[in-house]
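Here's the structure, in C-alpha cells; my notes come after.
The values are calculated or read from the model by the stated rules, or taken from the named source; none is laboratory data. Everything numeric in this text was worked out from a predicted model, so none of it was measured. For neighbour counting, all protein chains shown are included, and Cβ atoms are generated from backbone atoms with ideal geometry for every residue, glycine included. Please note that ligands, DNA and RNA were not included when accessible areas were found on the heavy atoms of the full protein model with its side chains. Shrake-Rupley method; radii C 1.70, N 1.55, O 1.52, S 1.80 Å.
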Amino acid sequence: MPPIDIAADSRARFASFDLTSVPSPCFVVDEAQVARNCEILAEVAEASGAQIFLALKACSMPALAPVVTRYLAGTAASGLHEARLGREEFGGQVATFSAGFKPEDLQEVLALSDHVIFNSLGQLRRFHPLVEEARWNGEDVEIGLRINPQHSEGWTDRYDPAAPCSRLGHPVSQIRAEDLAGLDGLHMHTLCEQGFAPLARTWEAIAPTVGPWLDALSWLNLGGGHHITQPDYDRDGLIALIRRIREDHGVEVFLEPGEAVVLHSGILVGEVLDRTENEVPLAISDLSATCHMPDVVEAPYRPDLLGERPEGTGGEIRIGGPSCLAGDVIGDFRPATEFAVGERFAFLDQTHYSMVKTNTFNGVPLPALALWNSDTDQLNVLREFGYDDFRMRLG
Ligand SMILES: Cc1ncc(COP(=O)(O)O)c(C=O)c1O
C-alpha cells in the first residue's frame, strides 16, 4: 500500500470542518491526526529500540497529553517551565536541555527531569555541585552534554545549530575523552524539517570521534528536526542506524521530535474584517502574521490556505492582519470563495511553532484553542482569551 499523503488527507478532513463552529480566531487541533503521527513514531520506537519524546517547544498543549503519552515515552523540555509542564501534565520521562541554566532554576529542573543536558563543558563544571547535591537528596537524574558536531546539513543559518559560530552545543573538536568523566550521555540537535540522509551523513562525520566516547556512556539523544511522519521519510534507514548505534556502543538512543508529532494536525481559523484595494486586492483579517503566525514573518514561509484554488487561476488577494505593522502580511492567496467581509477561512498545518509563539502586540486578541477529533467529529473549545490575558502580562 502506498503511504498516505498526510497533507492531502488533512486538507480533506478539515474541508469537512465547520469553520463557524468555533470562535475566531481559533487554533483547531485534530487529535486523531496527532494519534496517527504518534502511531508511526511508536512503530519506529518499537522497531529500533529508541525512546521518543515530544519536544514541547513545538507544541505544548496539555489537552494532547493523553494521546501523546499513549504512544511516546515522555517529553523534551527547554527549561524550567516546560520541564514542569512535562512532568505535571504529560508524565513519562522528561529530558531538559537549555542553552543556559540559572542556578536558582536548576535545582527544580534537576528534581523534575530524568535527564538534564548542558550546552557547554563550562556549565557542566560550574553546576557539578548542584547536581551532586540533587543526587545526595535522592534525585535520580542523569546528566548529558550537548555536542555541536560541526557538520552542517542546514539549508539556512537561522535554523542550523551546526552553522559556523553557532552557540548551540559544545564544539566536538574542543572535547577530550576525559572531559566526559561522570557524564551519562550526549545530545546533538542539528536538523530542521529534514529527512534521514542528513542525519546519516552527520553520524558518519562524527562517529570516529564520538563512537569511542559513547562506549563509556549510557545514552545518545539525537535531538529533533527529523520529519519522520512525512510519507517519504526513510524510516527503515533510521531504524537501522539506531539499531547499529545501540549495538555498536551499548547505549540507549533517544529522539525528541516536535513538528513530526503534530504535523498536519491543526488549522488556524480566521475571519475577513475588511476588503480594500491598493494596486492589488487586499483583505484585512483577524489573523495576524506577527501575533499569531510569527514564523510567516521570521522563517519566512507561506502557509497553505484551506480550499485554495490552483496556481494560474488568477484572483489573488493579499491577506494581512489587524496590527499596525506594514509587514503584517500572511501572503497572496486564491480563495475559492468571494472572501467577503464576515467570511471564515483557515490556514493549514498550524499546530507546531504557532500557538507556542503567539503574542498580543497592539492588543490583538490571542486565538482560542479547540480540540477536534476528525474520526468522531467531537469538538471541544478549550479556552478563549480576552482583555485580562492581555492586561495580566503588562504588569
Ligand atoms: C534541542 C531541540 N530538540 C528538539 C527540537 C524539536 O525540533 P523539531 O520540532 O524540528 O522536530 C528542537 C527544535 O528547535 C531543539 O532545539
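At-a-glance table
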| quantity | calculated |
| --- | --- |
| From the options P66, P103, P62, residue that is open to solvent by 40 Å² or more (accessible area, probe 1.4 Å) and either acidic (D, E) or out of contact with any helix residue (DSSP H, G or I) (no Cβ under 8 Å at 6 or more places or on another chain) (or both) | P66 |
| Candidates S78, S120, S113, S98, filtered to the one that is among the small types (G, A, S), within 24 Å of N148 (Cα to Cα) and surrounded by fewer than 18 Cβ atoms within 10 Å (Cβ to Cβ) | S78 |
| In the stretch 23-48, the residues that are open to solvent by 30 Å² or more (accessible area, probe 1.4 Å) and outside any helix (DSSP H, G or I) | P23, S24 |
| Hey, P208 more than 15 Å from the ligand (Cβ to nearest atom) and free of Cβ contacts under 8 Å to residues at least 12 places away in the same chain or not | yes |
| Residue match in the stretch 3-10 (condition: buried (at least 24 other Cβ atoms within 10 Å of the Cβ), outside any strand (DSSP E or B), out of contact with any His (no Cβ under 6 Å at 6 or more places or on another chain) and not hydroxyl-bearing (S, T, Y)) | no |
| Per-region count, the stretch 232-263, residues open to solvent by 30 Å² or more (accessible area, probe 1.4 Å) and either modelled with pLDDT under 95 or part of a strand (DSSP E or B) (or both) | 1 |
| So S78, is it in contact (Cβ under 8 Å) with a residue 40 or more places away in the chain and not assigned by TED's automatic domain parsing to the domain that holds N373 | no |
| Residue among H187, H128, H170 that alone is assigned by TED's automatic domain parsing to the domain that holds P62, touching a His at 6+ places or on another chain (Cβ under 9 Å) and not acidic (D, E) | H187 |
| The stretch 176-205, subset away from the ligand (no atom under 15 Å from the Cβ) and not in a helix (DSSP H, G or I), residue surrounded by the most Cβ atoms within 10 Å (Cβ to Cβ) | L183 |
| Some residue of the stretch 115-138 being modelled with pLDDT of 95 or more and within 20 Å of H226 (Cα to Cα) | yes |
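Let's see how each residue does on (1) part of a helix (DSSP H, G or I); (2) closer than 30 Å to A162 by Cα; (3) acidic (D, E); (4) within 23 Å of the chain's Cα centre (by Cα):
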{"site": "A63", "(1), (2), (3), (4)": "yes, no, no, yes"}
{"site": "V68", "(1), (2), (3), (4)": "yes, yes, no, yes"}
{"site": "T96", "(1), (2), (3), (4)": "no, yes, no, yes"}
{"site": "A99", "(1), (2), (3), (4)": "no, yes, no, yes"}
{"site": "V109", "(1), (2), (3), (4)": "yes, yes, no, yes"}
{"site": "L124", "(1), (2), (3), (4)": "yes, yes, no, no"}
{"site": "R135", "(1), (2), (3), (4)": "yes, no, no, no"}
